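Accompanying notes for the structure given below.
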Amino acid sequence: MTGSAVTHLMNFSDLKLLPEIEKAIIEFGYSEPTPIQAEAIPVILAGNDLIGSAQTGTGKTAAFCLPALTLLKQHVPGAPRCLVLEPTRELAAQVDDNLRIYTKFSDIRTTLLHGGVGYGKQKQELNEGVDIVVATPGRLLDHLSQKTFSLGAIELLILDEVDRMLDMGFIDDVQRIIGKCPKNRQTLLFSATVPEAIRMLSDWALKDPKTIDVGGNRAPAETVDHAIFPVDGIQKYDLLLAMLQKMDYQSVLIFSRTKIDADRIARWLQDHKHTVAVMHADRSQKERQQALNGFKSGKYDIMVATDIASRGLDISGVSHVINYNVPQHAEDYVHRIGRTGRAATEGEAFTLFSNDESNYLAQIEKYIGKSIPRRMLEGFKYRNEADLGGAKKAARRRRNR
């Protein structure tokens, strides 16, 4: 099954979700299912194992949460029946937040297990009995080693962002966790890409899975206008400031390559009276959550982040993405710029490029199968003439959102 076989559904009532769940999502503002939801939900409700792939911002979280809640039906005292495994604290917290929205009219109980916080509340909720555990691999294994609870009653195992878990070195932990779940279970695997290591994992962990691939994995979303801005490395910060002054933005997500760069860029922007949040792995969990909440609420117009924010985080309304550095990994480019242009709205993504990043840029263009337009910012005083690769000087334009 692929994206070309999308079942055309007009509304969520066609998906036969639990009435309490449907009521909650309609109240929250959901109208029509996205393609990944329209394809994945019937497959999951039919009891099939699934390998799902979709571009960032397509509604993947709801695609597995809504049918999971429908299959569980109601709270059952005892050990957890569903496990959702996520690579980072932020992604786990986001899934837990969504589940709490979807269960507004249901008695299904969820708990969130991740590091960076104490064990007390987590153990208390597990002792009181939950139906769904959302966890990161490390903290989950800690609880299992302490015998806080067991996975012996798991009916539904959801492995999300598996390629990210592979990149972060968690695959061995994931295999250990899978081995502690009953063999007679339903397993869902979601991954932006499916390299050989993940294919081998799926062959071992899943039974006759259905495959859904919506929208392809490599092409940036059509709703994103993206371009390269060549500039001397020494002028990158000046160009960034000039771009922010000229852009008609609602909120801007700026990606840096390192945590040190993220802190430095944030300080520079704050010195120029911008309201800025910072997100990277050296920030405490409380600081990261405050930054994310502040950016989502509009307290901060700009968030500077490393790739911790490039995948999965539910940040709506991002009008612009700026790569301060060209990403070192080609797939990260697609994930980064996918933070804008979400849910059929339009967005813009710009990458500041210096000559020492040529190899990275070449890998990205090979990966997406096309060259990315080169542009210059009108009115900016370049130290050297920017190499546009034959492209014409681009006039600034506004886009409807």
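Some observations on this one:
- Only the Cβ atoms of Lys and Arg (+1) and of Asp and Glu (-1) were treated as charged; on that basis the dipole of the chain about its Cα centre amounts to roughly 620 debye.
- Backbone N under 18 Å from the Asn384 label point (7 Å along Cα→Cβ), restricted to the range 346-369: 352-362
- Build a GNM of the chain with springs between Cα atoms under 10 Å apart, and of Asn184, Asn98, Asn48 the one that fluctuates most is Asn184.
- Of all aspartates and glutamates in the structure, those lying under 12 Å Cα to Cα from Lys381, and not within fewer than 8 positions of it along the same chain, are Asp232, Asp238.
- Length available on full extension from Glu27 to Arg100: 0.36 nm per residue minus the Cα-Cα distance, which gives 24.9 nm.
- Extension reserve of the Ala79-Gln175 stretch, reckoned as 0.36 nm per residue once the Cα distance is removed: 32.5 nm
- For the range 34-133, a crude dipole built from +1 on the beta carbon of Lys and Arg and -1 on the beta carbon of Asp and Glu, taken about the Cα centre, is about 160 debye to the nearest 20.
- Projected label distance in nm at Asp238 and Lys207, using a 7 Å step from Cα toward the beta-carbon: 6.5 nm
- Close Lys pairs in the range 34-177, defined as Cα atoms under 28 Å apart and 8 or more places apart or on different chains, number 10.
- Prolate/oblate/rounded call for the range 224-368, Cα gyration tensor, a/c under 1.5 rounded: rounded
- Loop-located trypsin sites (Lys or Arg not before Pro) across the range 117-170 with a Cβ neighbour count of 16 or fewer within 10 Å are Lys147, with loop assigned by DSSP.
- For the range 178-210, the residues whose amide N sits under 11 Å from a probe point set 7 Å from the Cα of Leu144 along the beta carbon direction are 178-182.
- The longest part of the chain holding none of the exposed loop GluC sites (Glu not before Pro), meaning those outside H, G, I, E and B in DSSP with at most 12 other Cβ atoms within 10 Å, is 1-221.
- Global form of the range 54-192, assessed from the alpha-carbon gyration tensor, a/c cut-off 1.5: rounded
- Theoretical ellipticity at 222 nm over the chain - DSSP helices of four or more residues, -39500 (n - 2.57) apiece, nearest 500: -11000 deg cm²/dmol
- Counting only Cβ charges, +1 for Lys and Arg and -1 for Asp and Glu, the dipole size of the range 224-368 around its Cα centre is about 520 debye.
- Relative to the current alpha-carbon distance between His272 and Glu125, full extension at 0.36 nm per residue lengthens the span by 48.4 nm.
- Lys/Arg +1, Asp/Glu -1 at C-beta; the chain dipole; positive extreme among Gly233, Gly169, Ile372: Gly233
- The reciprocal of the average 1/r between distinct C-alpha atoms defines the Kirkwood hydrodynamic radius, which for the chain equals 22.2 Å.
- The count of lysine pairs in the range 152-269 that are at least 8 places apart or cross chains, and whose C-alpha atoms lie under 21 Å apart, stands at 5.
- Evaluated at q = 0.10, 0.16, 0.21, 0.23 Å⁻¹: base-10 log I(q)/I(0), Debye formula over Cα of the range 187-296: -0.52, -0.97, -1.18, -1.28
- For the range 146-154, backbone phi angles converted through the Karplus equation (6.51, -1.76, 1.60; θ = phi - 60°) give residue-by-residue couplings of 7, 6, 5, 7, 10, 9, x, 9, 5 Hz, Gly and Pro being listed as x.
Bear in mind these aren't lab numbers, they're just calculated from the coordinates by the rules spelled out. All figures in this text were calculated on a predicted structure; none of them were measured in a lab. Positions of Cβ are backbone-derived with ideal geometry, glycine not excepted, and every protein chain shown enters the neighbour counts.
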